[in-house]
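Below is one structure; the comments refer to it alone.
Readers should treat all values here as calculations from the given coordinates under stated rules, not as data from a laboratory. Bear in mind that the values here come from a model prediction, so they are computed numbers and not experimental data. Counting neighbours? That spans all protein chains shown, and the Cβs are built from the backbone with ideal geometry, glycine included.
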Amino acid sequence: MESRAHLFKPSAREALDNPDLQQALRRVQAGFVGKRKALVDQFPDFEGLRDRGRAIKDHTLAHLDVYLEQFEARVTEAGGQVHWAETQQEAQQIVVDICRQVSARMVTKGKTMAGEEVQLNEALDAAGVETVETDLGEYIIQLAKEPPSHIIAPAIHKTRQQITDLFNEHHHGTFNDTLREVPDLVNEARGILREKFLSADVGITGANCLVAETGSMFLVTNEGNGDLTHSLPRVHVAIAGIEKLVPTLDDASTVLRLLARSATGQEMTAYTTMVTGPRREADTDGPDAFHVVLIDNGRTRMLGGRFREMLRCIRCGACMNHCPVYAAIGGHAYGWVYPGPMGSVLTPMIVGLDKTRDLPNACTLNGRCQSVCPVRIPLPDLLRDLREAQYDENLTGKPTRYGLGIWAWFALRPRLYAALARVGVGLLGRLGRRRGRFRRLPLASAWTAGRDLPAPQGPTFQAAWRNRRREESR
Amino acid sequence: MSSPRERILGKIRTALARQTVPTAAEASSSRLATLGDGTPQRPVWTESNLERFTRCLEAASGTLVRVRTVGEIGQAVAEYLADKPAGQRVHVAPNPALEAVDWPETLTVEQATHGRDALVGVSFAEAGVAETGSLAVLSGPDNPTTLSFLPDYHIVVLRTADVVPYFEDIWVRMRERHDFPPRSFNFITGPSRTADVEQTLQLGAHGPRSLHVVLLEEAP
Amino acid sequence: MNEQTLTQPRGTVALFATCLVDLFRPSVGFASAQLLEQAGYAVDVPEAQTCCGQPAYNSGDRKHAKAIAKQVIESFRGYDYVVVPSGSCGGTITTHYPDLLRDEASWAQAARELAGRTWELTRFLVEVAHVEISGVQLDGVTTYHDSCAGLRELGIRTQPRQLLAGVEGLELREMADTDVCCGFGGTFCVKYPEISERLVSDKVSNIEATRADLVLAGDLGCLFNIAGRLKRMDKPVRAYHIAEVLAGTARTVTAIGEGEA
């Protein structure tokens with residue numbers, strides 16, 4: 001999808017005024033946060049597990065070339081094919097070509113954020129290939145023609161009524177218009193998608209983890225849609241960022257322990273699958289061909305510097321589940337594939353700093369994301385670094401720049417600062433003494449729009465302190 | 001003109017400021033130095049592995065029955081299906097471990113090469129993982145993958161002797177096998193589920209609506 | 001320095017009052033100084049202090065942030081301890097100065113040295129001064145907001161609660177999501193006022209649900225945000241900095257945002 005991150009402010013405002021969305025967002029907090037915490041609390045050494053997760057990813061990134069080549073060799077040995085895509089266009093072309101080679105008319109898709117990132121559906125549509133999202137959440141938003149609002153639960157912003165309406169519109173009127181129960185909605189989608197699974201020519205999935213040791217990919221789902229997607233069509237295409245790699249199966253086990261707990265608050269999802277190559281000669285089902293598309297799309301740019309740490313991300317969504325800003329505005333306001341804290345770092349890195357000015361700033365730096373990140377990505381620090389990059393590239397707004405400049409000029413001249421503070425605070429103090437606060441104040445409208453501004457008590461602390469000390473020493 | 005592969009690897013090597021590219025052996029020993037060869041952090045339990053396996057499986061909405069011999073499996077399956085609208089047809093994986101099953105005449109048993117028209121599927125698990133109550137079902141001619149995902153009722157036979165504590169234990173066992181890794185190595189933990197509609201848990205999203213384990217005490 | 005009351009001080013403490021306390025609420029500075037003096041320390045307030053530089057630092061203006069950090073390092077040399085009645089400013093000095101100045105060896109060293117003797121007030125009182133609050137009375141029910149920087153950068157959670165337990169007549173009733181940001185976030189609250197308002201409204205709801213009379217915290221930034229919203233919504237809950245309660249001055253000073261009328 002095209003980035004709409006430059007529209008952050010109006011989108012956020014819209015989100016705050018959307019009662020359905022607000023209701024849905026409250027469920028995110030209630031659901032994911034509590035379940036994760038219960039499991040983390042009962043795990044003997046979750047902090048140690050996080051350390052190990054970080055160490056595995058750091059080690060892999062430091063040897064990424066070695067492990068990628070090892071991975072490629074193992075995939076090839078297993079009869080699969082590895083493709084390398086430097087850009088979005090290359091990734092699209094590779095997948096379109098694979099589909100054309102087998103004259104594919106219809107493709108089923110498991111949830112893939114990398115696929116969203118390189119706009120795979122748009123490219124396949126343009127090539128005349130029908131794509132059907134099979135993860136229920138993805139399916140719902142595909143019907144609604146919306147981007148995902150959460151990387152784990154893409155349709156989390158949709159209410160049951162909205163889903164009922166969507167199904168009524170798209171499932172050809174076999175049902176009445178009343179609000180339907182959850183089991184009915186799930187069954188309805190199951191029936192429709194079962195047909196698609198059985199008739200698809202190509203199945204496209206993401207990968208939660210790639211393993212260099214065996215040339216395998218792990219796929220984690222609860223619905224089983226990923227397995228139907230890779231097992232039924234003639235061709236399986238997996239698309240994944242190069243940072244998804246880990247060296248060994250043991251390392252994958254650690255990552256999966258972190259992932260399930262951090263993402264959905266499960267010890268294990270219903271289906272955790274390791275796929276290696278296409279069907280073996282004697283197999284009676286499974287695809288004839290297996291392709292892995294390894295995507296760069298800006299990742300190698302991040303590898304060399306401060307933002308390498310972001311490449312540890314295992315896409316669990318815990319940061320957004322614990323982000324108070326995400327909880328207030330939901331995922332769409334962030335304007336691209338990846339919302340919340342991890343998105344606020346990744347989107348500027350991939351889409352560009354100038355098109356995403358709000359993302360690094362729309363954060364209170366409260367650090368709750370970092371405290372739950374399974375691979376200890378210092379998200380607040382990275383967001384601050386992006387602010388610095390904005391400042392250096394003259395992308396910081398003029399009012400902020402000038403305001404900071406003037407304020408810093410005074411802050412670096414303590415005597416002048418103190419003198420000015422005495423005058424200003426003295427005046428404000430007298431004005432506000434009776435009520436103790438201001439409802440409105442020139443230059444402070446952003447503050448006073450939603451809250452009162454407490455008035456200064458009177459003299460500055462510095463002045464009052466010196467006064468008192470003088471009196472005491474007399 | 002260089003290929004995307006060469007360009008990506010080149011950018012990685014520039015980013016990592018490579019003088020020389022480490023060998024796989026060097027990477028591996030560096031990994032060992034970083035992570036140590038000690039036990040990774042993982043859950044612990046005081047009950048037996050089998051008890052833990054059962055508890056976790058049931059927590060994931062799976063059900064379980066124990067039988068003493070291979071012969072009894074057929075009867076256990078029939079009893080499980082007795083009160084369900086599943087019909088009498090059972091699609092069974094052509095697995096050597098299930099050859100000696102004594103199927104009751106009430107059931108129509110078909111050897112399955114896939115799961116396309118199966119309402120009830122019976123597969124064989126190579127192992128069970130106590131840590132999470134997961135079944136390890138491996139694809140192969142004797143265990144078609146789609147049989148684990150297309151039926152409404154998925155029944156899996158597992159030997160008690162094959163229940164191991166942790167995932168790492170599975171890898172130790174598997175690395176010794178010449179046919180590892182298979183195309184699809186499925187860890188199955190309970191029936192299919194979704195919470196995509198209003199975060200309400202609903203079983204039977206795309207895969208089986210129920211998962212039933214027949215735990216076989218008899219050694220092979 | 002008041003030589004009469006401090007015959008044998010346990011050590012010298014420089015109080016970094018913070019810009020908000022200096023400009024808006026000196027009573028927090030006095031309460032902090034009183035607590036430190038009662039604990040036996042000689043307290044000084046270095047004159048050259050203005051701000052810790054966090055607004056510049058968090059806005060990506062590294063040049064000004066560095067200049068201010070250096071000024072703070074210079075002004076606070078020579079004291080045994082530097083105590084800050086704010087987890088946010090305390091975190092800036094202890095966590096971020098060393099990082100900010102990492103490329104200038106001697107300054108980085110000085111920043112680490114300063115960080116090593118800089119403490120947030122409640123943590124200092126509990127972990128260094130081993131203070132037990134006694135003889136302070138305040139009748140009522142209070143709830144406590146954990147400021148994010150204090151909680152996550154400095155590990156402050158039990159310390160204020162331990163100190164508050166010594167206040168006679170005061171019951172601490174925890175609110176839901178006490179560790180969730182109030183929406184202040186420094187310049188965030190004026191850059192994204194609508195989002196900030198939503199966050200602080202949620203915070204106010206959680207405070208109200210406890211039916212407490214008071215809300216306390218260790219950071220004036222959060223407290224201004226919370227009190228400002230409470231006042232705007234005409235809620236009767238009163239907001240104080242924890243130092244004012246511990247020093248016993250909360251009974252004589254009007255709550256944040258309350259007037260004489």
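Tabulated data for the structure shown
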quantity: Bridge type composition, the protein assembly as shown - antiparallel percent by DSSP, nearest 5; calculated: 25
quantity: Helix-only mean residue ellipticity at 222 nm for chain B, each DSSP H run of n ≥ 4 adding -39500 (n - 2.57), per residue, nearest 500; calculated: -7000 deg cm²/dmol
quantity: Whole-Å distance, taken between Cα centres, linking region C:189-211 and region A:202-275; calculated: 39
quantity: Hz values of 3J(HN,Hα) by residue in region C:81-88 - Karplus curve (6.51, -1.76, 1.60), Gly and Pro given as x; calculated: 9, 10, 10, 10, x, 6, x, 5
quantity: Of B:V90, B:T106, B:Q41, farthest towards positive along the dipole that unit charges on Lys, Arg, Asp, Glu beta carbons give chain B; calculated: B:Q41
quantity: Percent RCO, i.e. relative contact order, over region A:45-301, from Cα pairs under 8 Å lying at least 6 residues apart; calculated: 28
quantity: Convex hull volume per residue in cubic angstrom - Cα atoms of region A:136-229; calculated: 112
quantity: Average projected area [Cα convex hull, the protein assembly as shown], square nanometres; calculated: 41.9
quantity: Chain A: Cys lacking any partner C-beta under 4.7 angstrom; calculated: A:C99, A:C209, A:C313, A:C316, A:C323, A:C363, A:C373
quantity: Average beta carbon contacts from partner chains per residue of A:364-375, 10 Å cutoff; calculated: 5
quantity: Cα-based Rg and Dmax for region C:74-181, where Dmax is the largest Cα-Cα distance (Å); calculated: 16.2, 52
quantity: Helical contribution to [θ] at 222 nm, DSSP H n ≥ 4, -39,500 (n - 2.57), averaged over chain A, rounded to 500; calculated: -15000 deg cm²/dmol
quantity: Chain C, helix-only ellipticity at 222 nm - DSSP H runs n ≥ 4, -39,500 (n - 2.57), divided by all residues, nearest 500; calculated: -11000 deg cm²/dmol
quantity: Rg ratio (alpha-carbon, reference 2.2 N^0.38 Å) - chain C; calculated: 0.98
quantity: Interatomic Cα distance distribution for region B:50-103, bins of 5 angstrom, percent; calculated: 4, 16, 21, 21, 23, 14, 1
quantity: Amide H within-cut-off set for A:L245, under 5 Å, with H built and near neighbours excluded; calculated: A:L210
quantity: Hydrodynamic radius by Kirkwood, which averages 1/r over all alpha carbon pairs of region A:200-311, in angstrom; calculated: 15.0
quantity: Inter-centroid distance (Cα atoms) of region C:1-74 relative to region B:116-147, Å; calculated: 66
quantity: Separation of alpha-carbon centers, region B:14-93 and region A:10-39, rounded to whole Å; calculated: 33
quantity: Burial ordering of A:M302, A:M113, fewest other beta-carbon atoms within 10 Å first; calculated: A:M113, A:M302
quantity: Rotationally averaged projected area of region A:38-188 (alpha carbon convex hull; nm²); calculated: 13.3
quantity: Percent of Cα pairs exceeding the 21 Å cut-off, where the set is chain B; calculated: 62
quantity: Listed residue pairs exceeding 32 Å between alpha carbons, taken from A:K37/A:K355; A:K398/C:K235; A:K35/A:K158; C:K70/C:K231; A:K35/B:K11; calculated: A:K37/A:K355; A:K398/C:K235; C:K70/C:K231; A:K35/B:K11
quantity: 10 Å Cβ shell holding at most 11 others, DSSP loop, trypsin sites (Lys or Arg not before Pro): longest site-free stretch of chain B; calculated: B:69-176
quantity: For C:221-234, mean number of other protein chain Cβ atoms within 10 Å; calculated: 4
quantity: Within a Gaussian network of chain C (alpha carbon springs, distance under 10 Å), most fluctuating of C:S201, C:S106, C:S88; calculated: C:S106
quantity: Translational diffusion of region A:45-301, µm² s⁻¹ [Kirkwood Rh, Cα pairs; Stokes-Einstein; 20 °C; 1.002 mPa s]; calculated: 113
quantity: Interchain or long-range residues, amide H under 5 Å from A:V237's placed H; calculated: A:G203, A:I204, A:T205, A:H291
quantity: Gaussian network model of chain B, Cα within-10 Å springs - most flexible of B:V120, B:V109, B:V197; calculated: B:V197
quantity: Table column - 3J(HN,Hα) (Hz), region C:184-201, Karplus curve with 6.51, -1.76, 1.60, x for Gly and Pro; calculated: 5, x, x, 5, 3, 5, 9, 7, 10, x, 5, 5, 4, 5, 5, 5, 6, 5
quantity: Other protein chain Cβ atoms within 10 Å, averaged over every residue that makes up C:145-153; calculated: 3
quantity: Share antiparallel - DSSP beta bridges, region B:49-216, percent rounded to 5; calculated: 30
quantity: Scattering curve values for region C:131-246, log₁₀ I(q)/I(0), Debye with Cα scatterers, q = 0.17, 0.18 Å⁻¹; calculated: -0.78, -0.87
quantity: Neighbour-count ranking [beta-carbon atoms within 10 angstrom, fewest first] of A:I350, A:I406, C:I242; calculated: A:I406, A:I350, C:I242
quantity: Simple label model, 7 Å out from Cα along Cβ direction - B:A17 to C:H130, nm; calculated: 4.8
quantity: Rg and Dmax of chain A, Cα atoms only, in Å; calculated: 26.3, 100
quantity: Candidates B:V122, B:V70, B:V101: whichever shows maximal mean-square fluctuation once chain B is modelled as a Gaussian network with Cα springs under 10 Å; calculated: B:V101
quantity: Mean separation of Cα contacts under 8 Å, 6 or more apart, over the residue count of region C:131-246: relative contact order %; calculated: 30
quantity: Residues with amide H under 5 Å from that of C:R25, placed H, sequence gap 5 or more; calculated: A:Q457
quantity: Chain B, relative contact order in percent, only Cα pairs under 8 angstrom and at least six apart counted; calculated: 23
